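Trainee: Can you read through this structure? Questions will come right after.
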């Protein structure tokens, strides 16, 4: 399999990106990498160029740039060129740690939507601290701010395939993120989505779930609109980080007793960090486009790059995208009917 | 001041409610309490009935009941009677730990909206772990699932007065919870709210804030729609609780080293618990109605009841509601113009 990597995306690019690619190359013998970026910056970083090709690009899309304009104007940027490689069939998937908006734009307009899918969604994998599995997926976490019921209805199917193929969950429990668990809860949008999902029998739909219970295994696939999903994800990240910092600073400011206590508990703290660190699951995937388009955190170091390439390996190997394409092809008429129904309500 | 208390609201009612009321009575010499509930259940729990009157009610609204129907049908319930006492001027504020929906309904339809306010909002106080203050307010966290721009615009003013009067913050920084900090971020709703707030000069509006930064002091007043606010609040609560449980279970399942470490760190853990425990700030306030209507957590014990009564004491003493009434009266024409403007956009 061939992976197009934006070598210039992320705070530690290109150094850590190249390192991570070499680590993935050593781990996955069937992976070939195309690194997009200025040759003079990227090539000197490569220790061993086995299965690694550098493709020269002149421009870089910066973090602060307005996404749509940047993708339109910077035709020779590492991000645009990597996306085009996927579009042209020269690569099977595309990875970047750069400007999220630009990546979504490139995914949507260059790689392109799967036929029948209205809105690709950004999908993230999070740890399930308690519950039947060790992780769950949540989508959309920010590709679309304004959503209609039919969009979320489609997310459920995409998330279902992702959870099966990539997380290896056999019959994923699909839940709708809502402001209460009862069937009639929510705003207009979420009440409509609940009704659409409850009427479908291809999914293991378990009803509404609340954000309080996400980490405790409320569902394996959490369906949400991009605005709420973004808020819930960032609240979760922010709270976890704040608590870890609080513990750290309390210990630092404490006396010898605290420091000794922390030393004795270092394995416990390490275990908690490991459990909560979801960078090991890879990046956020734009699902609903014709190939895996994956955004890793801007702060990704080599290990995260390698992990994300491992996630991409699973996606390409299991043909997650192909399965989604097949489902939406086979159910095209039913989807159209539901879309119409959702509009009429 | 006279406070109407639903003696039957909450998991530990009436026992802990009565205890908490007695604690508050001993702390605040100007507070008089009306306890609504079945006399035979409530009266035997009172150790000293100084400034405490029990008002007999027959019915109790249960946690699972459909709110609007329950409030309509159970005319002789502790909750409805307590709300009516406020409406009739027999009490200055109303506290319950019972069915949230029923409390919101009673607040809205019995106590009644302040003239000029379209939608009262549920307001919660959360700890600011870093930043210029020790706490901040967020509203709406769940009174209204479907919202229009003008509703959020009004929340900003109500939150502003609450932060000044109850939290004692002089010039509260008002932020809009959004999916990015840039001015053009968000869905239609939040983009419109941003523009309305940015055009106003009575508030110290600092623009958009993200949920990742809430606990780190992003703003003193966080304005949000009830659906997103509910998700952000519950994610924050859920994550904090999950992490504390994770630490606890790691230590319990660990060896002697871990247990000794935990013992040495017990002050640190206590400090963190204290910092994050926002039950000390009281309950969630329905702002925008004619008197303080306060919901405390269903799991509240006596200390939380006392704290919430302390919060109510501050609200009544500072005349928070009166200040809001005055502002909306003085700006009635401007509000109408903005409402029209928001509709036209």
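Throughout, read-outs are computed from the coordinates displayed, never taken from laboratory work. Computed from a predicted structure; not experimentally measured. Reconstructed Cβ throughout: ideal geometry from the backbone, glycine too, with neighbour counts over all protein chains shown.
Trainee: I need the Kirkwood Rh of the protein assembly as shown: take the reciprocal of the average 1/r across all distinct C-alpha pairs and report it in angstrom.
Mentor: Averaging 1/r across every pair of different Cα atoms and inverting gives 27.0 Å.
Trainee: Say a label goes 7 Å from Cα toward Cβ at residue A:11 in every copy; what distances in nm does this one have to the rest, shortest first?
Mentor: Output for residue A:11: 3.9 nm, nearest copy listed first.
Trainee: Jot down the per residue volume, in cubic angstrom and as a whole number, of the convex hull over the alpha-carbon atoms of segment B:45-110.
Mentor: In segment B:45-110, the Cα hull volume divided by residue count equals 93 Å³.
Trainee: Hey, another quick one. Mind giving me the nanometre distance, one decimal, between the label points for residue A:66 and residue B:252, set 7 Å out from Cα along Cα→Cβ?
Mentor: With each label point 7 Å from Cα toward Cβ, the separation is 5.5 nm.
Trainee: Quote the FRET efficiency, to the nearest 0.05, computed for residue A:277 versus residue B:73 with a Förster distance R0 of 41 Å and r equal to the Cβ-Cβ distance.
Mentor: 0.20
Trainee: How big is the equivalent ellipsoid of segment B:124-282 along its three axes, where each semi-axis is √(5λ) from the Cα gyration tensor, reported in whole Å from largest to smallest?
Mentor: Over the Cα atoms of segment B:124-282, the ellipsoid semi-axes are 35, 17, 12 Å.
Trainee: Stick to Cα atoms and the Kirkwood definition of Rh, then tell me Rg/Rh for segment B:101-210.
Mentor: We get a ratio of 0.96 for segment B:101-210.
Trainee: If I take every Cα pair under 8 Å that is 6 or more residues apart in segment A:212-340, average their sequence separation and divide by the length, what percent do I get for the relative contact order?
Mentor: 14
Trainee: While we're here: Just checking the output field for B:240-248: average partner chain Cβ neighbours within 10 Å of each residue's Cβ?
Mentor: Mean partner shielding for this stretch: 6.
Trainee: Per residue of B:211-218, count partner chain C-beta atoms within 10 Å of its C-beta, then hand back the mean as an integer.
Mentor: 5
Trainee: Please pull out the direction-averaged projected area of segment B:8-145, using the convex hull of its alpha-carbon atoms, in nm² to one decimal place.
Mentor: Taking the Cα atoms of segment B:8-145, their convex hull projects to 10.4 nm² on average.
Trainee: Once you average over the residues of A:221-234, how many Cβ atoms of partner chains fall within 10 Å of each Cβ?
Mentor: 6
Trainee: A further question follows. Compare the peptides A:140-146, B:336-342, A:67-73 by average per-residue count of other Cβ atoms within 10 angstrom and give them in order, highest first.
Mentor: So the peptides A:140-146, B:336-342, A:67-73, ranked by packing, come out A:140-146, A:67-73, B:336-342.
Trainee: Okay, next question. Among A:265, A:177, A:95, which one shows the biggest mean-square fluctuation in a GNM of chain A, springs joining Cα atoms closer than 10 Å?
Mentor: Answer for the Gaussian network model of chain A: A:265.
Trainee: Gaussian network model of chain A, Cα springs within a sub-10 Å range: biggest mean-square fluctuation belongs to which of A:332, A:302, A:83?
Mentor: Highest fluctuation among the options: A:332.
Trainee: Which shape class applies to chain A: rounded if a/c is under 1.5, otherwise prolate when a/b exceeds b/c and oblate if not, where a ≥ b ≥ c are the square roots of the Cα gyration tensor eigenvalues?
Mentor: oblate
Trainee: Anyone know which of B:250, B:78, B:318 comes out most mobile in the 10 Å Cα GNM of chain B?
Mentor: Maximum among the listed residues: B:250.
Trainee: Can you compute the FRET efficiency between residue A:195 and residue B:49 using 1/(1 + (r/R0)^6), with r the Cβ-Cβ distance and R0 = 35 Å? Round to the nearest 0.05.
Mentor: Working from the Cβ atoms, E equals 0.10.
Trainee: Another question, if that's okay. Among B:215, B:167, A:244, which comes first, then next, by fewest other beta-carbon atoms within 10 Å?
Mentor: A:244, B:167, B:215
Trainee: Counting helices only, and only those DSSP H runs with n ≥ 4, report the 222 nm mean residue ellipticity of chain B as the sum of -39,500 (n - 2.57) divided by its residues, in deg cm²/dmol to the nearest 500.
Mentor: That calculation yields -14500 deg cm²/dmol at 222 nm.
Trainee: Among the DSSP beta bridges whose two residues both lie in chain A, what percent are antiparallel, rounded to the nearest 5?
Mentor: Just about 30 percent of them are antiparallel.
Trainee: Now for a separate question. Run through the other copies and list how far each one's label point is from that of residue B:49, in nm with one decimal, shortest first; the point sits 7 Å from Cα along Cα-Cβ.
Mentor: Copy-to-copy label distances at residue B:49, shortest first: 9.3 nm.
Trainee: Which distances, shortest first and in nm, link residue A:333 to the matching position in the other copies, using label points set 7 Å out along Cα to C-beta?
Mentor: Spelled out, the distances from residue A:333's label point are 6.4 nm.
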